[in-house]
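The values are calculated or read from the model by the stated rules, or taken from the named source; none is laboratory data. This is a predicted model, so every value here is computed, not measured. Every residue, glycine as well, gets a Cβ built from its backbone with ideal geometry; the counts of neighbours run over all protein chains shown. Surface areas here come from the heavy atoms of the whole protein model, side chains and all, with no ligands, DNA or RNA. Shrake-Rupley method; radii C 1.70, N 1.55, O 1.52, S 1.80 Å.
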Amino acid sequence: MTQTLSRETEGTQILATPARSALSLAVSDYRVLIGRNIKHITRNPEMLIQAVSLPIVLLLLFRFMFGGAINLPGMNYIDYLIPGLIVISVGFNSTSTVVGVSADLTNGLVERFRSMPMAGSAVLVGHVVSGVLRSMLSLVVMVAVGLAIGFRPGGGVLGWLGAVGLLVLFATGVFWLATLLGSIAKTVEGASGLGMILVFVPYATSALVPTASMPSVLRVIVDNQPVTVLIDAARHLMNGSALGATGWLALAWWIPITVLAAVLTVRKFHQRATV
């Protein structure tokens with residue numbers, strides 16, 4: 001039985017539901033808000049196009065229009081390209097999260113949620129988890145299309161598991177940053193502009209071409225920025241080449257970035273929600 005006898009009053013038995021822990025209630029709130037955001041993905045054609053069609057267009061564009069002009073010693077360009085495009089797709093998928101969080105704050109939805117006994121961070125967790133799932137959908141689509149047009153990664157199962165783990169960590173960090181930008185933006189239009197930061201940063205990396213041909217000053221910056229380190233680590237793991245220190249460096253960058261972004265986002269979101 002799911003209900004227990006709580007008390008008796010003048011011979012009348014009153015049934016009450018058992019008390020649930022705060023953790024159980026929070027998990028239930030997170031599940032509901034994650035489901036809400038996943039339904040938005042399935043019912044919003046623009047979000048599906050962004051998650052599925054755009055990765056395919058980018059892959060075909062760079063593979064067949066620019067790939068012939070780029071020669072890499074010891075590696076086919078498509079094997080080099082796909083890890084970088086997966087990271088770029090995380091960036092453009094995050095723009096809808098920036099806009100979504102800002103819309104929730106400005107259209108009164110958060111105020112309605114505040115009138116209910118629910119975890120305050122559930123709205124943010126729903127956006128982050130659904131965004132990571134959307135990016136993993138882009139990953140699957142890009143790898144499947146890549147295999148059809150010549151992608152032949154040499155990494156083993158453990159290498160791929162490591163690469164996917166790093167990409168999930170990266171996506172989690174990026175979507176927490178997206179919720180932070182959405183919490184900072186005063187308007188939905190402003191949020192759309194702020195989201196462009198997350199779109200363009202992955203282009204200033206080794207995602208599309210090696211950094212060796214870049215000017216020396218730019219090369220130092222690009223080689224040492226956290227997105228380049230993560231792309232290089234994922235590329236080595238997928239293709240079975242020497243990982244070096246890139247794996248540890250990627251973890252050293254993206255675990256603190258993710259934790260810090262989550263803390264700052266929750267703080268800023270509550271400030272906006274209680275104004």
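Report the convex hull volume per residue for the stretch 86-162, counting only C-alpha atoms, in Å³.
107
Each of M214 and L72 was given a label point 7 Å from its Cα along the Cα-to-Cβ line. The distance between the two points is 1.5 nm. Would you mind checking the tilt of helix 22-43 against the longest principal axis of the Cα atoms of the chain, expressed as 0 to 90 degrees and rounded to 10? Tilt relative to the chain: about 60 degrees. A simple charge model with +1 on the Cβ of Lys and Arg, -1 on the Cβ of Asp and Glu and nothing else charged puts the dipole of the chain at about 180 debye relative to its Cα centre.
Here the Gaussian network model covers the chain, with springs between Cα atoms less than 10 Å apart; of W248, W176, W160, W248 fluctuates the most.
Residue separation of M65 and V263 scaled by 0.36 nm, minus their Cα-Cα distance, works out to 67.0 nm of gained length. With the Kirkwood sum run over all distinct C-alpha pairs, the chain has a hydrodynamic radius of 20.5 Å.
Computed from the C-beta positions of R43 and A22, the FRET efficiency with R₀ = 41 Å rounds to 0.80. Ranking V222, A103, V132 by Cα position along the charge dipole of the chain, where only Lys, Arg, Asp and Glu carry charges on their C-beta atoms, puts A103 farthest toward the positive end.
Between L147 and S53, what length comes free when the chain is fully extended (0.36 nm per residue of separation minus the Cα-Cα distance, one decimal in nm)?
Details: separation 94, 0.36 × 94 = 33.84 nm, distance 1.63 nm.
Gain on stretching L147 to S53: 32.2 nm.
Along the stretch 180-189 the Karplus relation, 6.51 cos²θ - 1.76 cosθ + 1.60 evaluated at θ = phi - 60°, assigns HN-Hα couplings of 5, 5, x, 6, 7, 4, 7, 9, 5, 5 Hz to successive residues, with x for each Gly and Pro.
Counting only helical runs of four or more DSSP H residues, what would the 222 nm mean residue ellipticity of the chain come to if each run contributes -39,500 (n - 2.57) and the total is spread over all its residues? Don't jump to the answer; show the numbers that get you there.
Values: 11 runs with 188 residues, N = 275.
Calculated at 222 nm, the ellipticity per residue is -23000 deg cm²/dmol.
Remark: the stretch 255-268, residue by residue, has Karplus-estimated 3J(HN,Hα) of 5, x, 4, 5, 5, 5, 4, 5, 4, 5, 5, 4, 5, 5 Hz, where x stands for each Gly or Pro and the curve is 6.51 cos²θ - 1.76 cosθ + 1.60 at θ = phi - 60°. Computed from phi, the 3J(HN,Hα) profile of the stretch 224-234 under the Karplus parametrisation 6.51, -1.76, 1.60 (θ = phi - 60°) reads 10, 8, x, 6, 4, 4, 5, 4, 4, 5, 4 Hz, with x in place of Gly and Pro.
Accessible surface of the stretch 22-106, 1.4 Å probe: 67 percent of it comes from carbon and sulfur atoms. Across the alpha-carbon atoms of the stretch 93-209, the computed radius of gyration and Dmax are 17.0, 54 angstrom.
Of interest is the spacing of the C-alpha centroids, which for the stretch 90-124 and the stretch 190-233 amounts to 28 Å.
Hey, got a sec? Which trypsin sites (Lys or Arg not before Pro) in the stretch 237-275 land in a DSSP loop and have at most 15 other Cβ atoms within 10 Å?
Values: sites: R267, K268, R272; in loops: none.
Those that pass, being in a loop and sparsely packed, number zero.
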